[in-house]
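Working notes, beginning with the structure itself.
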Amino acid sequence: MRSLFPSPPAPGRVALKHTGWLLLAVVAAAALSLARSPRPGALNTIWIEDAHNFLNDALTDGFKNNLFKSLNGYYHFGPRLIAELVSLAPVRWSAALISIAAAGVTAGFGAIAYVASKPFLQRWWLQLVVAAPLVLLPLARVQADNDIATLQFPGLYVLFWIALWRPASRPAQAVAVLATAFVTFSSIIPIILLPLFALRFYVVRDWATRLICLAYSAGLGLHFLGLALGKATRSEVCCRRYDLFWVAQEYATKTVPRTIFGERWLGGPGMDVTGPVAAQGSPAVHTGLMVLAWLVVLAALILALVKFTNPHWPLAIAATVAGAALFAGTVTNIGSVQPRYLIAPALLVLTVLAALLRPHDSQPPASRPQTRQLSASRLGLGRSAVPALVLIAVMVVVAAVNFRADNRRSETWPWSDLVSQATLACQSQPIDSHVVWGGYWWRVTIPCDRVR
């Protein structure tokens with residue numbers, strides 16, 4: 001059980017030396033994430049709920065009222081705080097700032113997964129398997145595209161790693177606590193991970209664990225208090241479906257195949273904000289890819305069982321259980337498999353594969369040149385690393401194929417045009433505000449004193 005919560009390394013100069021590189025990687029990953037949004041682009045468009053709910057409320061209502069405004073039955077402290085900060089800047093910058101904040105938080109989540117996975121996966125290139133997909137995930141782009149409204153879904157994944165992570169330095173411990181608070185004060189779904197946090201609290205007795213669990217409990221406590229007092233309600237959420245056979249079928253045919261081969265080759269997302277979307281392409285090809293995806297999982301399991309690789313079984317089991325629980329808990333509560341609900345389970349599928357395909361320590365033959373010995377030793381590129389490298393190669397191809405996907409964001413009016421529209425309306429008539437419609441169903445009320 002303790003192998004699931006490995007002791008932290010002693011903090012030292014090595015950790016400090018790598019901090020700068022890690023921050024640079026976060027900036028680069030955020031830029032890469034922003035580049036995924038189709039034209040007009042992430043910096044000149046705004047996502048549906050970001051505009052209609054969070055930015056609109058920040059521009060038109062007081063911060064104190066907005067912070068405790070529920071949506072879909074729970075509070076959204078993280079997105080609302082970001083929107084409030086964005087509202088302090090010129091309105092023309094709002095779309096860009098919200099997108100940059102969303103991409104930055106997502107890349108930061110990736111950095112946490114990368115650091116937290118080191119004691120388990122041991123090699124930087126294998127750590128990238130569980131970190132890089134946060135910004136390159138080949139699915140759910142029709143419902144999660146550099147927006148603050150859906151940060152809760154990659155947040156569920158990073159909570160899994162925080163539950164296992166035992167950071168040594170005070171700054172890293174502070175990051176773990178703040179990230180936990182950000183996610184749990186923004187979503188009620190982390191309740192599904194309660195057994196993992198309870199196990200951490202039972203096994204690990206240190207102050208970092210207590211503070212992390214306190215942040216986790218406080219965030220969830222707020223949501224349930226709001227429900228108990230009638231300040232929030234999920235009565236409008238439709239339509240629950242508690243059918244375990246259906247859940248297993250949907251997990252088998254959607255989560256695992258789309259994780260490994262992406263949405264594009266499997267006929268698209270299957271659903272967007274308007275409802276079900278017809279699959280594109282050959283059904284036979286889709287079925288073949290589903291079978292092949294499960295053969296990949298089976299091959300990884302067999303390689304681990306015969307000890308060709310050096311699996312980390314506690315991590316693989318924990319990720320399997322957590323991913324299945326998050327999938328079941330979300331889809332049964334709404335009765336359909338929304339693409340955004342696949343984000344955390346998909347990332348946990350990759351975690352399982354990384355844990356199963358972890359190679360043995362590589363010891364190159366003494367006959368090889370010294371420089372090659374050092375290189376192979378550092379990278380761990382022995383024979384047992386081949387399966388993991390094949391998986392990475394597939395991930396790179398799939399990420400490239402699914403790098404961009406058209407969605408409702410790419411169909412909206414450019415934010416600069418909407419602000420210009422509001423500016424013209426406010427200058428030409430005596431009004432206090434102007435409502436701009438960006439597309440589909442969202443709108444934003446822009447106060448005239450912000451554009452005159």
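The values are calculated or read from the model by the stated rules, or taken from the named source; none is laboratory data. If you're wondering where the values come from, they're calculated on a predicted model, not measured in any experiment. A quick note on method: Cβ atoms are made from the backbone with ideal geometry, for glycine too, and the neighbour counts reach across all protein chains shown. Protein only, heavy atoms only, side chains kept; ligands, DNA and RNA dropped before computing areas. Shrake-Rupley method; radii C 1.70, N 1.55, O 1.52, S 1.80 Å.
Which ones in segment 202-219 are surrounded by 14 or more Cβ atoms within 10 Å (Cβ to Cβ), in a helix (DSSP H, G or I) and aliphatic (A, V, I, L, M)?
Hits for segment 202-219 are Ala208, Leu211, Ile212, Leu214, Ala215.
Going through segment 29-61 one residue at a time, which ones are closer than 11 Å to Gly438 by Cβ and acidic (Asp, Glu)?
Residue satisfying the conditions is Asp50 alone.
Give the residue that is most open to solvent (accessible area, probe 1.4 Å), with candidates limited to residues of segment 225-237 that are part of a helix (DSSP H, G or I) and not small (Gly, Ala, Ser).
Leu225
Go through segment 85-131 and count every residue that is more than 27 Å from Ser3 (Cβ to Cβ) and in contact with a Lys or Arg (Cβ under 8 Å, 6 or more places away or on another chain).
2
Just one of Trp47, Trp93 is out of contact with any Gly (no Cβ under 7 Å at 6 or more places or on another chain) and modelled with pLDDT under 95; which is it?
Every option except Trp47 fails the conditions.
Suppose the filter is in contact with a Phe, Trp or Tyr (Cβ under 9 Å, 6 or more places away or on another chain), outside any loop (DSSP other than H, G, I, E, B) and more than 19 Å from Ser187 (Cα to Cα); does Val27 pass it?
Considered against the rule, which asks whether it is in contact with a Phe, Trp or Tyr (Cβ under 9 Å, 6 or more places away or on another chain), outside any loop (DSSP other than H, G, I, E, B) and more than 19 Å from Ser187 (Cα to Cα), Val27 comes out as no.
Which ones in segment 265-277 are open to solvent by 80 Å² or more (accessible area, probe 1.4 Å) and more than 24 Å from Ala388 (Cβ to Cβ)?
Selection gives Pro276 alone.
With respect to the numbered conditions (1) of a type in the set (A, V, I, L, M, F, W, C); (2) over 30 Å from Leu391 (Cβ atoms); (3) free of Cβ contacts under 8 Å to residues at least 24 places away in the same chain; (4) not in a loop (DSSP other than H, G, I, E, B), which one is the sole condition not fulfilled by Leu222?
It is condition (3) that Leu222 fails.
Of all residues in segment 419-452, which are in a loop (DSSP other than H, G, I, E, B) and in contact (Cβ under 8 Å) with a residue 60 or more places away in the chain?
Those that are in a loop (DSSP other than H, G, I, E, B) and in contact (Cβ under 8 Å) with a residue 60 or more places away in the chain: Tyr440, Trp441, Val451.
Look through segment 394-452, keep the residues that are of a type in the set (A, V, I, L, M) and surrounded by fewer than 17 Cβ atoms within 10 Å (Cβ to Cβ), and return whichever of them is nearest to Ala95 (Cα to Cα). Steps first, answer last, please.
Of segment 394-452, the ones of a type in the set (A, V, I, L, M) are 394-401, 405, 418-419, 422, 424-425, 431, 435-436, 444, 446, 451.
Filter again for surrounded by fewer than 17 Cβ atoms within 10 Å (Cβ to Cβ), leaving 394, 396-397, 400-401, 424, 431, 435.
On the way: Val394: 34, Val396: 29, Val397: 31, Ala400: 26, Val401: 27, Leu424: 19, Ile431: 23, Val435: 16 Å.
So, considering only residues that are of a type in the set (A, V, I, L, M) and surrounded by fewer than 17 Cβ atoms within 10 Å (Cβ to Cβ), the one nearest to Ala95 (Cα to Cα) is Val435.
Filter segment 169-180 down to residues that are touching a residue at least 60 places away in the same chain (Cβ under 8 Å) and either closer than 20 Å to Leu326 by Cβ or in contact with a Cys (Cβ under 7 Å, 6 or more places away or on another chain) (or both), then give me how many there are.
2
Filter segment 1-19 for residues that are open to solvent by 50 Å² or more (accessible area, probe 1.4 Å) and more than 30 Å from Ala198 (Cβ to Cβ); which is modelled with the lowest pLDDT?
Among those residues, the one meeting the criterion is Val14.
Are there any pairs with C-beta distances below 8 angstrom linking a residue in segment 64-77 that is open to solvent by 20 Å² or more (accessible area, probe 1.4 Å) to a residue that is in a loop (DSSP other than H, G, I, E, B) and among the hydroxyl-bearing types (Ser, Thr, Tyr), with the two at least 6 apart or on different chains, and if so which?
Cβ pairs passing all conditions: Leu67/Tyr75; Phe68/Tyr75; Lys69/Tyr75; Ser70/Thr233; Phe77/Ser186.
Of the conditions (1) open to solvent by less than 10 Å² (accessible area, probe 1.4 Å); (2) within 19 Å of Leu315 (Cβ to Cβ); (3) not in a helix (DSSP H, G or I), Arg166 satisfies every one except a single condition; which number is it?
In the conditions (1) open to solvent by less than 10 Å² (accessible area, probe 1.4 Å); (2) within 19 Å of Leu315 (Cβ to Cβ); (3) not in a helix (DSSP H, G or I), Arg166 misses (1) alone.
Examine segment 301-308 for a residue that is among the charged types (D, E, K, R) and farther than 22 Å from Ile148 by Cα, and state whether such a residue exists.
For segment 301-308, residues among the charged types (D, E, K, R) and farther than 22 Å from Ile148 by Cα: present.
Report whether or not Ser33 is farther than 21 Å from Ile446 by Cβ, open to solvent by 20 Å² or more (accessible area, probe 1.4 Å) and among the polar types (S, T, N, Q).
No, not satisfied.
With segment 253-367 as the region, which helices (runs of 4 or more DSSP H) entirely inside it contain at least 3 residues that are over 20 Å from the mean Cα position of the chain (by Cα) and at pLDDT 95 or above?
283-305, 313-334
Tell me yes or no: at least one residue of segment 126-143 is open to solvent by 10 Å² or more (accessible area, probe 1.4 Å) and modelled with pLDDT under 95.
So far as segment 126-143 goes, yes, one or more of its residues are open to solvent by 10 Å² or more (accessible area, probe 1.4 Å) and modelled with pLDDT under 95.
Tell me yes or no: at least one residue of segment 406-428 is among the acidic types (Asp, Glu) and modelled with pLDDT under 90.
Yes, segment 406-428 has at least one match.
Please specify each residue of segment 291-328 satisfying the condition of being open to solvent by 30 Å² or more (accessible area, probe 1.4 Å) and of a type outside the set (A, V, I, L, M). Walk me through how you get there before you give the answer.
Pass one, segment 291-328, residues open to solvent by 30 Å² or more (accessible area, probe 1.4 Å): 291-292, 294-299, 301-303, 305-308, 310, 313-314, 317, 320-321, 324-325.
Correct list: Trp294, Lys307, Phe308, Asn310, Trp313, Pro314, Thr320.
In segment 34-63, what residues are touching a residue at least 60 places away in the same chain (Cβ under 8 Å) and either of a type in the set (Ser, Thr, Tyr) or farther than 26 Å from Ala107 by Cα (or both)?
Passing the criteria: Ser37, Thr45, Leu59, Thr60.
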